[in-house]
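Engineer: Before we start, here is the structure in question, set down as structure tokens.
No lab work stands behind these numbers, since they all come straight from the coordinates. Computed from a prediction, not measured in an experiment: that's the story for all the values here. Cβ placement follows ideal geometry from the backbone for every residue including glycine, while neighbour counts extend to all protein chains displayed.
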């Protein structure tokens, strides 16, 4: 799909650079105070940097992933997707 992620790179301050199949790119930003539950491990900078692309989705070890369709929609509209 056009919203499949083809590239992801960790940025400073809990951020990610993402690029999609159609060439659209932007940032994902996490608010640390809202990283709880399944996302709690992302508070660890070493773990956060282990991000990778898994079948078109942004993922981390341990089956943590982000929905690429929602990410695409927000980045297309705003250039950034803030998860807070």
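Engineer: What residue among 51, 18, 38 shows peak mean-square fluctuation when the chain is described by a Gaussian network model with Cα springs under 10 Å?
Structural biologist: Greatest mean-square fluctuation among the candidates belongs to 38.
Engineer: Need one number: nm distance between label points at residue 73 and residue 29, each 7 Å from Cα along Cα→Cβ, rounded to one decimal.
Structural biologist: Distance between the two pseudo-spin positions: 2.1 nm.
Engineer: With springs only between Cα atoms under 10 Å apart, run a GNM on the chain and tell me which of 39, 30, 20 wobbles the most.
Structural biologist: Maximum among the listed residues: 39.
Engineer: Quick one: check the C-alpha center-to-center distance for the range 54-83 versus the range 32-52, whole angstrom.
Structural biologist: 14
Engineer: How high is the relative contact order of the chain? Use alpha-carbon pairs under 8 Å, at least six apart in sequence, and give a whole percent. Could you put the intermediate results ahead of the total?
Structural biologist: Values: 146 pairs, mean separation 27.0, N = 84.
Once divided by the residue count of the chain, the mean separation gives 32 percent.
Engineer: Now for a different question. Rg to Rh ratio, the range 7-84, alpha-carbon atoms and Kirkwood radius?
Structural biologist: Working: Rg = 11.6 Å, Rh = 12.5 Å.
Radius of gyration relative to Kirkwood radius: 0.92.
Engineer: Can you show me the helix-derived [θ] at 222 nm for the chain, built from DSSP H runs with n ≥ 4 at -39,500 (n - 2.57) apiece and divided by the number of residues, rounded to the nearest 500.
Structural biologist: -4500 deg cm²/dmol
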